[in-house]
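One structure is given here, and the rest of the page talks about it.
Just so you know, all these numbers are worked out from the coordinates, no wet-lab data involved. The model shown is predicted, which means the values in this text are computed figures rather than measured ones. Backbone-built Cβ (ideal geometry, glycine too); neighbour counts: all protein chains shown.
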Amino acid sequence: MPGTVSKNDLRRAVAGRRQARSAAERAEVARDLEARVLALPEVSTARTVAAYASYPSEPGTAPLRAALRGRGVRVLLPVLLADGDLDWVVDGAAPEHLGSTAIMRADVVLCPATAVTATGARLGKGGGSYDRALARLPPSALVVALVHDDEVVEHVPVEPHDQLVDVVVSPRRTLRTGPYRA
Ligand SMILES: Nc1ncnc2c1ncn2[C@@H]1O[C@H](COP(=O)(O)OP(=O)(O)OP(=O)(O)O)[C@@H](O)[C@H]1O
Ligand SMILES: [Mg+2]
């Protein structure tokens, strides 16, 4: 489409900015995200939270996952399957594969995103894995995208299969973009 940035152009721009962050900045981002996510009322009552093990350049989830587990929350982590779908395992437990439908029991899903808009349009890494996983959620589930501040953008190309997120959390902002499932 003329005048619009393609999904891949946006992915490349964000990847470049992510690589440039220092270890100290990354640690601060992870702490800020921890505080903001733990402050969400839906998270304080959640029994199961689906999270992800962040790559070094992604918004960090390690302190957040540790805090959730410390509160007795069951934390699920995705495992990428050969067909691009996601299987799930329990964080900190022996790797028992729960299957792709395990996400259906998550009260909150913390999902990675490359960029999001203030209306909940989400760009991922291009596999469509989260689009497939989020489509299985019941209306009661809350989907929270974790991003850096400069990844909340004006426009993200949206296709019919793209799943919207209900909340966007970045180090300096918590945005209610939904609800899209309730
Ligand atoms: N429900 C689905 N079933 C099968 N394939 C799908 C589905 N949703 C998306 N895909 C496939 O995934 C491809 C990539 O989608 P998209 O560009 O939206 O990825 P993304 O949102 O960046 O990735 P992700 O969701 O893994 O973070 C689509 O072109 C499509 O082929
Ligand atoms: Mg998508």
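Okay, here's what the table says:
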{"read-out": "Mean separation of Cα contacts under 8 Å (6+ apart) over length of the range 7-176, as relative contact order %", "value": "22 percent"}
{"read-out": "Rounded to the nearest 20 debye, dipole of the chain from Cβ charges on Lys, Arg, Asp, Glu", "value": "300 debye"}
{"read-out": "For the chain, share of DSSP beta bridges that run antiparallel, in % to the nearest 5", "value": "45 percent"}
{"read-out": "Sites excluded, trypsin sites (Lys or Arg not before Pro) in DSSP loops with at most 16 other C-beta within 10 Å, longest stretch of the chain", "value": "72-124"}
{"read-out": "Length added when fully stretched, residue 62-residue 44, from 0.36 nm per residue minus Cα-Cα", "value": "4.7 nm"}
{"read-out": "Cα centroid separation - the range 119-182 against the range 1-65, whole Å", "value": "12 Å"}
{"read-out": "Cα lying deepest toward the dipole's positive end in the range 7-176, options 99, 114, 144, charges on Cβ", "value": "144"}
{"read-out": "Neighbour cut-off at most 11 other Cβ (10 Å), DSSP loop, GluC sites (Glu not before Pro), the range 90-182", "value": "96, 154"}
{"read-out": "Pair residue 97, residue 118: separation of 7 Å Cα→Cβ label points (nm)", "value": "4.3 nm"}
{"read-out": "The chain, Cα convex hull volume normalised per residue, Å³", "value": "115 Å³"}
